[in-house]
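*Asks:* Okay, here's the structure, questions in a sec.
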Amino acid sequence: RPTRQNGVPSTEMRTRSPAASGNSPVTQSGGEHPSGTGYVPIDLTGVCDAGAEVLEGIRPFAGGSRALHGLPFFVGGDATAARMILIQPNASDKVVEVGRKAPTVIVAHRRLPGADDSEPVTGEVVAEYVFTNHGGRSAAVPIRERFEIGVFPRDGWEEESPFLAVAAGPSHRLDRYEGKWGDAGLRQTETPHRDAIDELFLWVWVNPEPETVLESIRLEPRGWKVVVAAITTGETAEDPFVLQAALPVRIDLPGRIEGVEVTVDRGVAGYTFPLPGGEVDDFIADPLKGWGDPEDAESSSVYTRIAAIPSAALNVAGPDGDGARVRWSDVISGEAVDTEGVRVELAEKGRNWVHVRVVDDETGRPVPCRVHFRSPQGIPYQPHGHHDHVNSDLDTWHIDVGGDLRLGRLSYAYIDGTCQGWLPLGEVIVDVARGFEYEPLRERIRIERGQRELTLRLRRWTSMNKKGWYSGDSHVHFLSSQGALAEQQGEDLNVVNLLQSQWGSLFTNTEDFTGRPLASPDGRYVTFVGQENRQHFLGHLALWGLREPVMPWCTDGPVEAEIGGPLEATESDWADQSHDRGGTVVIAHFPWPNGEPAVLIANRRADAVEMIVQRPRAHREYYRYLNCGYRLPLVGGTDKMSSDVPVGLYRTYARLGAEGFSYDRWRAAVTAGRTFLSSGPLLDFTVDGHDIGDTIVLRSPGTVTVSAVAESIFPVATLEVVKNGEVIAAATENGGSHRLELTAEVPIEEDSWLAARSGGPGYFDGPTHRDAWGRNIFAHTSPVYVTTAGEWSRFDPAHARYMLTLVEGGLEYVRRRAVADSVREVTHHHGEPDHLSYLERPFHEARAAISKRLDEAGETA
């Protein structure tokens, strides 16, 4: 009767007599697979007639028992060299006796290279295999190049493999935590290209009469050299190669889940990831919804994705050596499998490809944001093109995967308001956020059978832009400029200062520097590539708005500059170069490193200071400089260097008023001190009706009326007004509130500064974000200045003397500890003949300025 083998028309079944080849019948070897469904290798020893000498430059391989794709094979020969069956033109047929039922037959073979391999050979019959069942009924199958068999090209892609066969080599899962330095990027793929081990291909023949004994296989030549290394028969009609897509599998274990590994002998399994241990209702009610989920060390469940054939066996290995072995056929039956204290079950009943729109509730138009989708069990289903687990949940320093973010256990995808991908049928948890001015959306939805569309609505609860305030991140690294522009729109952040810099031999964002802004089409969102110039002892500067580079970027050795690099520049020189190029100078992560900030401030070279964490010491240092009469606008930034920090988590709001937004106007507002920094709370602060950054002139000592309001998508417990570094008014709500306000009459006896701040119950002990640093949620304004003498002025002799100490210490460092060029002739970037004099100059200028102020106050240094 006519039959079709693997989609190829075969010759009709016919009776053929075996040739008198002198080959003896072979014996069976191998054994039953632990799962209960076996494959039995055929021992070809009596038929093998060739060794490594016929491979013609192809690497030889070992004989003996082998597992290919989890299937047992027996290769002739021994561990030192394999023996094979050689099929070649003008030679006799080779016959392999079988003598047992064989619903499937898997042949490990390959064509040997030939003179015509410089051009692809496709579809040519290179051999014919004749399968004879009991009773003499036979099926002859043509073995065609690039269909049932292939040759690995010496100068081409290994993927030029046959259409109907698979490479014999395994697909190794890379080690999750260790490996070669050069594999750091490859490791994120979880598995590389399939290993071309033995340069063999596996082809399967499906017996049309699976219940009939297969008597023999005749191997007939057809014009090319072919080697057959091994043959295995299957005991069922299952396809021995994975054809079913991967499925998510939940695994519950009795003990710790850290280090749990799942392997599959006849398929593939991904890395395991912990599932949340808490209740879904608690997750939805989290006061920090939209902003991640804490890592749950108490979880006793993991999930992984598995693709396997039904006879495969799953091995679950626990961190303490315990584990279990489970049949994949039992798992895909739909019922949970319990064995040895381990429970394994499918975690998905079906899925739809869904097109998602996230729209602004007021306008109905798609709005950039970030999204997270998960099943109630906690399995993520992120939009196509985004990661379920950023960098496999490992650290991401300098591997900032643009367009994705991880906060705690959750990975988010930045989208333009639309996305598409798989969502599971039934209940799905959505988690959507956009900065601090939209209400986060975290709720249950249902995906019905056949559903292809989903619309989610985000509600803006306030618009700081309409009030004249525009937000920006002072300090971002490692993103591309286009990636920064995309992410900032998802966080409703008007400005990103993306800073190129140097870490030893690593230079970042060099190619992104253009000296001009990169803006969204409507101009509301701008990324500007500037610099962070860094010196490990003297300090770091964020330089915004540069039209030309300020070099060198870093200096004086690691970890900032190159190993053994000399001290080539001071922060003061960088500040001067920046100002000459129209830039803005910000002391980064004030006050650390604290070698030259006092010099910059004393010489009026710093336009602002930046906080990237809420720490008491940074506050005290900031307040001391204000009390010493230095006007210092306050800005917020993230120092983002990984995918587990969102742009704008600490952001600067600058008031432009009715002027309209532009990057340069935003910088000017910062320099003027019309700012507050925030990691959530939005502040409104006035003094006698005057705004942040203003100077109020009183005719004589008296009182002023302060008014402060803090509103936040996160609950805050404290709103405080600070006068000259001391809290003089407060509103508190220990349980946390989304709005706090206060009004107070404040006496003014001398020139003073006032600021508002908001945070936790004790201000510094509030809730933390789920970013890599666990930063506190707080906000702080720049000061309002109040004077009774026409021109605001304050002076603190103790702090001035402290500044002198810092200046002297920095000067001593430059003279005695900094690395210098001393054994060769060097022309420095500044062009001056006396390099040490150049380095010392700003320190001398600062000492003179501070000493003069002390003298004018009648104080001694």
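The values are calculated or read from the model by the stated rules, or taken from the named source; none is laboratory data. Keep in mind that this is a model prediction, so the values were computed, not measured. Glycine also receives a Cβ, built like all others from the backbone with ideal geometry; neighbour counts cover every protein chain displayed. For accessibility, only protein heavy atoms count, side chains too; no ligands or nucleic acids. Shrake-Rupley method; radii C 1.70, N 1.55, O 1.52, S 1.80 Å.
*Asks:* Describe numerically, in nm with one decimal, the distance between label points set 7 Å from Cα along Cα→Cβ at R547 and at D338.
*Replies:* If labels sit at R547 and D338, their model points lie 7.5 nm apart.
*Asks:* How would D492, D49, D691 rank on accessible area, largest to smallest, probe 1.4 Å?
*Replies:* Descending order: D49, D691, D492.
*Asks:* Can you work out the FRET efficiency for the pair Q482 and T236, with r the C-beta to C-beta distance and R0 = 60 Å, to the nearest 0.05?
*Replies:* Step by step, r from the Cβ atoms, then E = 0.70.
*Asks:* With angles folded into 0 to 90 degrees, how steeply does helix 481-490 sit against the dominant principal axis of the chain? Use alpha carbons for both and round to 10.
*Replies:* 80 degrees
*Asks:* Check each of the GluC sites (Glu not before Pro) in segment 428-522 and keep only those in coil by DSSP with at most 12 other C-beta atoms within 10 angstrom; list them in order.
*Replies:* Qualifying residues, ordered by number: E448.
*Asks:* List the pairs from K723/K852; K180/K349; K101/K349; K289/K640 whose alpha-carbon separation is above 29 Å, in the order I gave them.
*Replies:* As for pairs spanning more than 29 Å Cα to Cα, those are K180/K349; K101/K349.
*Asks:* Pull out a ≥ b ≥ c, the square roots of the eigenvalues of the alpha-carbon gyration tensor of segment 435-517, then state rounded if a/c is under 1.5, prolate if not and a/b is larger than b/c, and oblate in the remaining case.
*Replies:* Since a/c reaches 1.5 but b/c is at least a/b, the shape of segment 435-517 is classed as oblate.
*Asks:* Looking at the square roots a ≥ b ≥ c of the eigenvalues of the Cα gyration tensor of segment 687-846, which shape do they give, rounded for a/c under 1.5, prolate if a/b is larger than b/c, or oblate?
*Replies:* Oblate.
*Asks:* Continuing with the same structure: Could you state how much accessible area C419 has, in square angstrom rounded to the nearest 10, with a 1.4 Å probe and all protein chains kept in place?
*Replies:* Spelled out: C419, probe radius 1.4 Å, area about 20 Å².
*Asks:* If one takes the longest principal axis of the Cα atoms in the chain, at what angle in degrees, from 0 to 90 and to the nearest 10, does the Cα axis of helix 797-812 lie?
*Replies:* The helix 797-812 is inclined about 50 degrees to the chain.
*Asks:* Among 422-430, 514-522, what's the highest-first ranking by average C-beta atoms within 10 angstrom per residue? Please list the in-between numbers first.
*Replies:* Working: 422-430: 17.8, 514-522: 12.9.
So the peptides 422-430, 514-522, ranked by packing, come out 422-430, 514-522.
*Asks:* If I stretch the segment between E443 and E845 completely, what's the gain in nm (0.36 nm per residue apart, minus their alpha carbon distance), one decimal?
*Replies:* Result for the pair: 138.7 nm of gain on full extension.
*Asks:* Also: Please report the spacing between the Cα centers of segment 234-303 and segment 690-759 in Å, no decimals.
*Replies:* 49 Å
*Asks:* Sum up the charges of everything whose Cβ sits under 14 Å from the Cβ of D576, counting Lys and Arg as +1 and Asp and Glu as -1, but leave D576 out.
*Replies:* Working: positive: R581, R604, R605, R841; negative: E548, E571, D573, D580, E596, D607, E832, E845.
Neighbourhood net charge equals -4.
*Asks:* Next up: Measuring from centroid to centroid over Cα atoms, what is the spacing of segment 828-861 and segment 553-623 in Å?
*Replies:* 16 Å
*Asks:* OK, next. In the chain, if the dipole is taken from +1 on Lys/Arg beta carbons and -1 on Asp/Glu beta carbons about the Cα centre, which of N594, P208, P715 is farthest to the positive end?
*Replies:* The listed residue farthest towards the positive side: P208.
*Asks:* Calculate the FRET efficiency for R452 and R739 from the Cβ-Cβ distance with a Förster distance of 41 Å, rounded to the nearest 0.05.
*Replies:* E(calc), rounded to 0.05, equals 0.50.
*Asks:* Here is a further query. Does segment 547-626 come out rounded, prolate or oblate, given a ≥ b ≥ c as the square roots of the eigenvalues of its C-alpha gyration tensor, rounded meaning a/c under 1.5 and, failing that, prolate meaning a/b above b/c?
*Replies:* Since a/c reaches 1.5 but b/c is at least a/b, the shape of segment 547-626 is classed as oblate.
*Asks:* For the full complex of protein chains and a 1.4 angstrom probe, list F537, F201 by accessible area with the highest value first.
*Replies:* Values: F537 85, F201 0 Å².
Listed by decreasing accessible area, they come as F537, F201.
*Asks:* Follow-up. For segment 161-230 and segment 447-493, write down the distance between their C-alpha centroids in whole Å.
*Replies:* If we compute the Cα centre of each part, the gap is 46 Å.
*Asks:* Within a Cβ distance under 12 Å of I284, other residues only, what is the Lys/Arg minus Asp/Glu net charge?
*Replies:* Summing Lys and Arg as +1 and Asp and Glu as -1 gives -4.
*Asks:* With every protein chain kept in the model, how would you rank F513, F163 by accessible area, 1.4 Å probe, largest at the top?
*Replies:* F163, F513
*Asks:* All other residues with a Cβ under 13 Å from the Cβ of P517 taken together, and with Lys, Arg as +1 and Asp, Glu as -1, what is their net charge?
*Replies:* Once all neighbours under 13 Å are counted, the net charge is +3.
*Asks:* Accessible surface of D293 in the full protein assembly, 1.4 angstrom probe, to the nearest 10 Å²?
*Replies:* 20 Å²
*Asks:* Treating only the Cβ atoms of Lys and Arg (+1) and Asp and Glu (-1) as charged, compute the dipole magnitude of the chain about its Cα centre; round to the nearest 20 debye.
*Replies:* 1240 debye
*Asks:* Continuing with this model, one more query. Quick one: putting +1 on the C-beta of Lys and Arg, -1 on the C-beta of Asp and Glu, what dipole do you get for segment 189-287 around its Cα centre, in Debye to the nearest 20?
*Replies:* Working: 7 positive and 19 negative charges, 124 e Å.
It works out to roughly 600 debye.
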